[in-house]
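A short reminder: the numbers here are calculations on the coordinates, not readings from a lab. Just so you know, these numbers come straight off a predicted model, no measurement behind them. Don't worry about glycine lacking a Cβ; one is built from the backbone with ideal geometry, like all the others, and counts go over all protein chains shown.
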Amino acid sequence: MVQFIQKNSFDATHIEDEWIILDTEQFTVTRLNELGGFCWLKLQEAQSVDTLREAIDQEFGAVCEKTSIDNFLSDLMKCGLISHAI
């Protein structure tokens, strides 16, 4: 089972319904909605698509499509914010 985890230590700020992730090494800013911020916090520890999906269901009472989570994780990988957990 493939797992993902936050790549480095980033500065993250929660403002109202939005999360702002600052990468001070690459000088980038990534904005996440409330659900993305929830997943970001979960990714402090290794997570698979299935574990994130279960956590979303428990927290929000909503079932999230696997493809949506795959796409989200792919976007975070492209931004350099997460990597495969070893």
May I ask for the net charge around E18, where only other residues with Cβ less than 11 Å from the Cβ of E18 are counted and Lys, Arg are +1 while Asp, Glu are -1? -2
Computed for the chain: size of charge dipole around the Cα centre, +1 on C-beta of each Lys and Arg, -1 on C-beta of each Asp and Glu, debye to nearest 20, value 300 debye
Output for segment 12-66: chymotrypsin sites (Phe, Trp or Tyr not before Pro) sitting in coil per DSSP, at most 11 other Cβ within 10 Å, listed by number, reads F27
Taking r as the C-beta separation of R31 and M1 and R0 as 25 Å, the FRET efficiency to the nearest 0.05 is 0.30
Dipole magnitude of segment 1-48, debye to nearest 20 (Cβ charges: Lys/Arg +1, Asp/Glu -1, about Cα centre): 220 debye
Set of segment 21-59 residues, backbone N closer than 16 Å to the point 7 Å along the Cα-Cβ line of S68: 32-40, 49-59
Of all GluC sites (Glu not before Pro) in segment 38-86, the ones in DSSP coil with at most 10 other Cβ atoms within 10 Å are E65
Let me know the volume per residue of the alpha-carbon convex hull for the chain, in Å³. 86 Å³
5 angstrom amide H check on T28, placed H, neighbours 5+ away: D23
Excluding D50 itself, calculate the net charge of residues whose Cβ lies under 14 Å from the Cβ of D50, where each Lys or Arg counts +1 and each Asp or Glu counts -1. -1
